[in-house]
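K.L.:
This is the structure I have questions about; it appears just below.
Each reported figure results from applying straightforward, stated rules to the coordinates on display, with no laboratory input. Please read all numbers here as calculations on a predicted model, not as lab measurements. Heads up, the Cβs are rebuilt from the backbone with ideal geometry, glycines too, and the neighbour counts pull from every protein chain shown.
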Amino acid sequence: MISDEALMLEFQGGSRAAFEELFARYRKPLYGFFGRRLNNPERAEDLAQETFLAVIRAASRYEPRALVRTYLYGIALKLLAAERRRLLTSRTFKQSAREPQTDGTPECVLWVRQAMEKLDAPEREILMLREYEQLSYSDIAELLRIPVNTVRSRLFRSRLALKSHLESESRTNPALRAGAGQPHPERRGMQ
């Protein structure tokens, strides 16, 4: 299998097939990146597309100094920041940040999502980059332009804060404590 970096260089040289392969590899991960942060599927799709448009526009300036994955998430982070600024200025931020619909979602998933929302934005972002996007510590360090040890310490503090929110909610909501670790009622027969 051809590396992402080789594909990017082929695309830079004019290969449409190389771009299509990169698009196929990263369309869903980028959609998930935006979807988890905005809770708006349409905007998530738009921003994933805008990420690839930015790659097309900047193809001639691309230099293989970093992994293509890091390059793409760097573009995505900038687009996300711009989107959040836009939402704040248009006064729709509170509507877009409401809790997602849970149609059939297990209670513990919602519980974790709610606890994640209680974290400060930088804590939540670094945790999401590691746990949802599966970026390595060095990739996160490069993306956020901070030392790897800073990534480690911030992740540690973010995980502690998340654990604290989860434990706090568990103490105040006995239904969560009783349901923790239990399969979802609709899925019990599937295990």
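K.L.:
Take the alpha carbon atoms of the stretch 24-82, find their center, do the same for the stretch 129-162, and report the distance between the two centers in whole angstrom.
P.N.:
Spelled out, the Cα-based centre of one part sits 19 Å from the other.
K.L.:
So what are the ³J(HN,Hα) numbers for the stretch 119-135, from phi and the Karplus equation (6.51, -1.76, 1.60; θ = phi - 60°), rounded to whole Hz, Gly and Pro as x?
P.N.:
6, 5, 3, x, 5, 5, 5, 5, 5, 5, 4, 7, 7, 8, 8, 6, 7
K.L.:
Residues in the stretch 1-40, backbone N under 13 Å from the label point at GLN134 (7 Å along the Cα-to-beta-carbon vector): list them, ranges by number please.
P.N.:
26, 28-30
K.L.:
Once you put a point 7 Å from the Cα of ARG157 and another 7 Å from the Cα of ARG113, both along the Cβ direction, what distance in nm separates them?
P.N.:
Going from the ARG157 label point to the ARG113 one covers 2.8 nm.
K.L.:
Return the aspartates and glutamates within reach of LYS28: Cα separation strictly under 15 angstrom, same-chain partners fewer than 8 residues apart disregarded; answer none if there are no such residues.
P.N.:
Cα-Cα hits under 15 Å: GLU20, GLU42, GLU45, ASP46, GLU50, GLU133.
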